[in-house]
Amino acid sequence: MLLVGLFGCGLLGWESMPPLCSASEPGAAPVITVTPSVTTPEPVSPLLFSGFIELAFGRSENVLAEMLFDRGFEVPDTLTFNKGWCSFTKPKPEMEEWWHSGYEENRWYLWKAESDTASEMKRLGGGYWPAPANGKVYVAVTNKSRTDPVCLAQNGIWVKPGLAHSFTGFFCDGTHFSADRKTRNPVNLEICLFPERKFDGPALSSVTLKVDTAVFERYTATLPACKYEGRATLAIRVGPGKRFSCDMLSLMPADHVSGLRKDVIEAMKQVPASVVRFPGGCFASFYSWRDGIGDRDVRPVNQDTFWENVLINDFGTVEFVRLCREIGAEPMLCVPVMFGDAENAADWVAFCNAPRHPLHRKAGLDKPLGVKYWEMDNETYRLMDAITYARRCVEFSRAMKRVDPSIKIIMNCYWNYHPKFQEMLDIAGADVDLVNNRGGKIAELRGDIAALADYNRKHNRDVPLCHSEYRANSYDLPVAKPAAGGADGLNQPSSDAKETILTKASRWAYGLSVLCDFLDYQNFGGAFRFANFTNYTDGWGENLVNCSKSKAYLSAAGQAFAFLQRQKMAWPLAIEMPDSAPTLRFQAAWNGDKTTLVLVVLNMSAETRTLTADLSRLDRRFAKEASGEALSAASPFVFNTETEPNRIARETFAVPNKGKRLTHAFKPWSATAIRLGSE
């Protein structure tokens, strides 16, 4: 039986090498023969492992160093970001297994003495007088006590030892309008960090601001570093009989990288994505890119129409591209086609790629951003049919390429557009550079690649396939759950527990499912350019990197993604094997210059599996020792958490090479890679 790979899923682990044996001996390990036959005409795309950052609906704004929730006071008490298509099975969202502190929504509140019944905090706005500094809402605090201070406060601030914090905000004395900028009644505000909710003790760090203006003006201060690590409360303390108003507050640690979290950037580098999509998703259809540039404190506040979420545009085009450059990724922008026009899209290209643009100075740019990939919207089937959309792609592409002919235009064709695939190619094929099928199963993608190959031959084009919003083809693996009472090392669900897809996506089983898909994608070769994992950072449990308040750490899927990416498999090889099993997968491939053979095995069973790889048909002498890497977990239901971020174990090891037959035992629920270099 000749196979490209053996279907199944599993995470790879390593045990001590058993003695070499012949397939004819009783109890011998199954023999898998690696053939010299390369299965793809061109190598695996170097862009294959890619990511997705989504605004508004996704929680990917957690990449920002901003530590305050609702810093502009725009989020009503009745609105939560923890809703949308995601569902919950627990009484409270924070009880969900995938939950961590980064999903918290710590609301602003007024702390005051128990005897103080008069002091108040009011969220004001909606009219034009007095006007907020930005957006629609500001907060006014009035201390009516004669003896005690009050505090405008927010909990859930994670403080790290040795780090100072920068604080900014718009403040005034509460007058709001005056012929004179200066006030006759200045107010001293003490900006403090306390251990969470412990207002009566000493502050961890504090600084005093003298607010001496009658109208909103920006004030800045630095909170000195302290030795404390843990949860804290930010408090703006005002004395008896005083009042103030504020808007657009900000608190950032001193180690931020251009407004981005340093620890998140480092975690993203552990699982680097080649191409990163932004700003959606659904939000892309309504996105106004001009609202996301310039001074972030005065950027417009938007309402996300699909998900009814408030968006303060702190994370715009420049911040996104800066993040991509920090992690070594190509940025990919998703253009509003349904509710935008070609001129707007062309101007966005000019802003990003032209040597000069009227908004460069406002954005603080001294050179172009250089954005190559441009996707034509998201789910356009919500408004238009496939043929109308294809024609819009032609219109947009021509307008955008007049600005920069080198950009790559991506046309979407999936779900209910897919029956019109050939017609869409006939209309737009000459004007687009990639086609996106983001929902198809492996067989459908294979058919698309064949159709594109036929189109490319007939028209002398090179239009590959991509997948801009990847989720695993299966959230479940072909395995039985452990018996009732079995331990997974963390939270074992009962036999009748209903799991949401978000809970499933946090588990090691999902990481194994991801590995299965990407091994299939490798077998497509370069005809399949990239798959953007949804989400790169926080997306309610379904992500590569979790951004909790205390730390950034990889999810189970993130570990799997990084594991396979590290193997640098470029030229998949056909294999011969006596039988197949749904809980195993074996894949062999050369690296880019065909000097190293990589063997990957996924064991998705509860038993240790021993396999023999026969390399005798390869015309190559290999080194006497190979290097190995494995991931493993006690159960497919294990997942990483904020307090235990390394539940899935990684180990490296050396493997003796005794001729061209290698026999290895693979742990249950494991993924293993063995790299054999040429002599």
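The values are calculated or read from the model by the stated rules, or taken from the named source; none is laboratory data. Computed from a predicted structure; not experimentally measured. Glycine also receives a Cβ, built like all others from the backbone with ideal geometry; neighbour counts cover every protein chain displayed.
So, in the stretch 157-172, how many residues would count as being over 17 Å from A221 (Cβ atoms) and touching a Ser or Thr at 6+ places or on another chain (Cβ under 7 Å)? So the count comes out to 1. The set of residues from the stretch 269-286 being more than 19 Å from the chain's Cα centre (by Cα) and buried (at least 21 other Cβ atoms within 10 Å of the Cβ) comprises just one member, S285.
Of the residues examined, N155 is not one that is over 25 Å from E105 (Cβ atoms) and modelled with pLDDT of 95 or more.
Screening the candidates L152, L189, L193 for the property of being aliphatic (A, V, I, L, M), in the same structural domain as P130 (by TED's automatic domain parsing) and within 31 Å of the chain's Cα centre (by Cα) yields one hit, L193. Here Y138 meets the list (1) within 29 Å of G294 (Cβ to Cβ); (2) over 36 Å from the mean Cα position of the chain (by Cα) almost entirely, failing just condition (2). Could we say that Q567 is in contact (Cβ under 8 Å) with a residue 60 or more places away in the chain and surrounded by fewer than 20 Cβ atoms within 10 Å (Cβ to Cβ) here? When the stated conditions are applied, Q567 passes them. Does F73 satisfy the condition of being modelled with pLDDT of 90 or more, among the aromatic types (F, W, Y) and within 30 Å of V598 (Cα to Cα)? Criteria not met by F73. Checking each residue in the stretch 390-421 for being under 16 Å from N437 (Cα atoms), over 28 Å from the mean Cα position of the chain (by Cα) and crowded, with 17+ Cβ neighbours inside 10 Å picks out A390, K420, F421. Taking the stretch 593-637 as the range and being in a loop (DSSP other than H, G, I, E, B), surrounded by 18 or more Cβ atoms within 10 Å (Cβ to Cβ) and more than 33 Å from the chain's Cα centre (by Cα) as the test, the residues that pass are L615, L618. When the stretch 188-239 is filtered for residues that are farther than 30 Å from W129 by Cα, at pLDDT 95 or above and charged (D, E, K, R), the ones remaining, listed by number, are E196, R197, K198, K227, E229, R231.
The set of residues in the stretch 643-673 that are in a loop (DSSP other than H, G, I, E, B) and surrounded by fewer than 16 Cβ atoms within 10 Å (Cβ to Cβ) comprises T643, E644, N646, K658, G659. Modelled with pLDDT under 95 and of a type in the set (S, T, N, Q) - does that describe any residue in the stretch 617-634? Yes, because at least one residue in the stretch 617-634 is modelled with pLDDT under 95 and of a type in the set (S, T, N, Q). Determine whether the stretch 193-204 contains at least one residue that is touching a Gly at 6+ places or on another chain (Cβ under 8 Å), at positive phi and in a strand (DSSP E or B). Checked the stretch 193-204: no residue is touching a Gly at 6+ places or on another chain (Cβ under 8 Å), at positive phi and in a strand (DSSP E or B). Could you please find all residues in the stretch 157-192 being without any contact (Cβ under 8 Å) to a residue 40 or more places away in the chain and either aliphatic (A, V, I, L, M) or in a strand (DSSP E or B) (or both)? A179, K182, T183, R184, N185, P186 - these are the residues of the stretch 157-192 that are without any contact (Cβ under 8 Å) to a residue 40 or more places away in the chain and either aliphatic (A, V, I, L, M) or in a strand (DSSP E or B) (or both). Listed residues K504, K568; which is part of a loop (DSSP other than H, G, I, E, B) and either within 29 Å of V463 (Cα to Cα) or within 19 Å of the chain's Cα centre (by Cα) (or both)? Residue meeting the stated conditions: K568.
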